[in-house]
Amino acid sequence: MTAATLTIDLEAISDNWHALDALSGDSTATGAVIKANAYGLGVARVAEALRDAGVTSFFVAEAREGLVLRRSVGDDAEIFVFSGHMAGDANLLERANLIPLLNTPAQIARHFQSLPKHPFGIQLDTGMNRLGMEAAEFAALRDDILAAGPALVMSHLACADDPNHPQNAAQLAAFREMTDGIDVRRSLAATGGILLGKEYHFDLTRPGIGLYGGLPFTEARPVVRLSLPVIQTREVRKGETVGYSATWTAERDSIIATLAGGYADGLIRALSGRALLWDDDTPCNLVGRVSMDLLTVDVTDLDDIPETLDILCDMQTVDDLAEMAGTIGYEILTGLGARYKRVYKG
Ligand SMILES: *Cc1c(COP(=O)(O)O)cnc(C)c1O
């Protein structure tokens, strides 16, 4: 069979959630962000595993994701939507009982008009300048908002992956200034914010990447393994080249394996000539260009040619691969393609 196998360790996800939960005190609840199909790993299975681990608050990017999530976690969990209440969302928000995190005065007006009794939260901008109301907008509507009883007030940190960045403390101060003294649950921290310490935790945290084994949660258990089948091997003489544009030249007589998996599967072309493929704990160099469906690997030094080689495993995490390609683990994870056979473990 040609399909590569992506193994997703649900027990590791659950352990990572417990580990992040243990970092905050008893008065802080730990939610889970499962936007973008649970960072590419499959919302249905991941959400069920997290619910079974004890998660009762979930976050998605848009209302349609919330509908899918509602089907897998059942009626009890609360589901927040970061993009808030967009035009045309009312039906979906009501039907799936989703809580929009309202971002603008226009969203507030839309929500109060079309779903007056329906729960909502508020997203504030404390310096990232991406989503949420600014301090002055919030101040102007504060009485109306608080009278309607928001379920949550939240903001998002721009630099939490760097504990020394001065913007962390600045955003914390801005958040406190806007929300201290109001009787509403508060949320500021994603994975990075949890690691910054207790003053960032408030009532509810929102980890995503740390659950899925990525930085900045260095203690995370790896969650994914990606094994690519060997389709063919060939002898390549010293001086011959491999792949598109002939970018790699054999410096010795070599054995080259061609594997199923390419940039159409999220193994981005920037990995060309950089990534390693692993036979258990033995590394082999990816040589030449990554093509759409295939990549080529120098297996000359292996005693036996295995049926598969791993490009993601305990030896090479999503962050290792991301660094080789000049990107971040989030992008590698969410780009993992649709052609893999997905196997859930745990
Ligand atoms: C994606 C996202 C999160 C989760 O962030 P991680 O860095 O993956 O933990 C939390 N809050 C908001 C607003 C987000 O967009």
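The values are calculated or read from the model by the stated rules, or taken from the named source; none is laboratory data. Just so it is clear, the model here is predicted, and its values are computed rather than measured. Cβ atoms come from the backbone with ideal geometry, glycine included; neighbour counts cover every protein chain shown. SASA here: full protein model, heavy atoms, side chains in, ligands and nucleic acids out. Shrake-Rupley method; radii C 1.70, N 1.55, O 1.52, S 1.80 Å.
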**Asked** Can you spot a residue in the range 29-47 that is hydrophobic (A, V, I, L, M, F, W, C), away from the ligand (no atom under 15 Å from the Cβ) and over 17 Å from the mean Cα position of the chain (by Cα)?
**Response** no
**Request:** Looking at (1) open to solvent by 10 Å² or more (accessible area, probe 1.4 Å); (2) in contact with a strand residue (DSSP E or B) (Cβ under 6 Å, 6 or more places away or on another chain); (3) not β-branched (Val, Ile, Thr), find the lone condition where Arg64 falls short.
**Result:** (2)
**Request:** Just one of (1) at positive phi; (2) away from the ligand (no atom under 13 Å from the Cβ) trips up Glu137, so point out which.
**Result:** (1)
**Fill in**
When Asp161 is run through (1) within 12 Å of the ligand (Cβ to nearest atom); (2) charged (D, E, K, R); (3) farther than 19 Å from Thr191 by Cβ, the failure sits at (3)
**Item:** Meets criteria (modelled with pLDDT of 95 or more, more than 18 Å from Asp314 (Cα to Cα), buried (at least 20 other Cβ atoms within 10 Å of the Cβ) and β-branched (Val, Ile, Thr)) for Val290
**Value:** yes
**Asked** Any residue in the range 202-210 that is open to solvent by 20 Å² or more (accessible area, probe 1.4 Å), touching a residue at least 24 places away in the same chain (Cβ under 8 Å) and either within 13 Å of the ligand (Cβ to nearest atom) or not in a helix (DSSP H, G or I) (or both)?
**Response** yes
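Residues being open to solvent by 10 Å² or more (accessible area, probe 1.4 Å) and within 17 Å of Trp17 (Cβ to Cβ): count how many of those fall in the range 172-191. Before the answer, list the steps.
Here is the first cut: in the range 172-191, the ones open to solvent by 10 Å² or more (accessible area, probe 1.4 Å) are 172-174, 176-178, 180-186, 190.
From the residues that got through so far, the ones that are within 17 Å of Trp17 (Cβ to Cβ) too are 190.
The number of residues fulfilling the criteria is 1.
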**Prompt:** Pro166 is checked against (1) open to solvent by less than 20 Å² (accessible area, probe 1.4 Å); (2) more than 15 Å from the ligand (Cβ to nearest atom) and fails just one. What number does that condition carry?
**Reply:** (1)
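Give the residue, chosen from Arg269, Arg252, Arg234, that is open to solvent by 90 Å² or more (accessible area, probe 1.4 Å) and touching a strand residue (DSSP E or B) at 6+ places or on another chain (Cβ under 6 Å). Give the steps one after another, and end with the answer.
Numbers: Arg269 fails: touching a strand residue (DSSP E or B) at 6+ places or on another chain (Cβ under 6 Å); Arg252 fails: touching a strand residue (DSSP E or B) at 6+ places or on another chain (Cβ under 6 Å).
Answer to the check: Arg234.
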**Asked** Any chance the range 113-120 includes a residue that's in contact with a Gly (Cβ under 9 Å, 6 or more places away or on another chain) and either open to solvent by less than 50 Å² (accessible area, probe 1.4 Å) or assigned to a strand (DSSP E or B) (or both)?
**Response** yes
**Only one of Ala140, Ala135 that is open to solvent by 50 Å² or more (accessible area, probe 1.4 Å), free of Cβ contacts under 8 Å to residues at least 40 places away in the same chain and in the same structural domain as Gly88 (by TED's automatic domain parsing)** = Ala140
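For the range 211-237, enumerate the residues that are polar (S, T, N, Q) and either touching a helix residue (DSSP H, G or I) at 6+ places or on another chain (Cβ under 6 Å) or within 15 Å of the ligand (Cβ to nearest atom) (or both).
Thr218, the sole residue that qualifies.
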**Request:** Go through (1) closer than 27 Å to Val43 by Cα; (2) surrounded by 17 or more Cβ atoms within 10 Å (Cβ to Cβ) and name the single condition Trp278 misses.
**Result:** (1)
**Asked** Of all residues in the range 121-159, which are assigned to a helix (DSSP H, G or I) and under 23 Å from Leu92 (Cβ atoms)?
**Response** Ile145
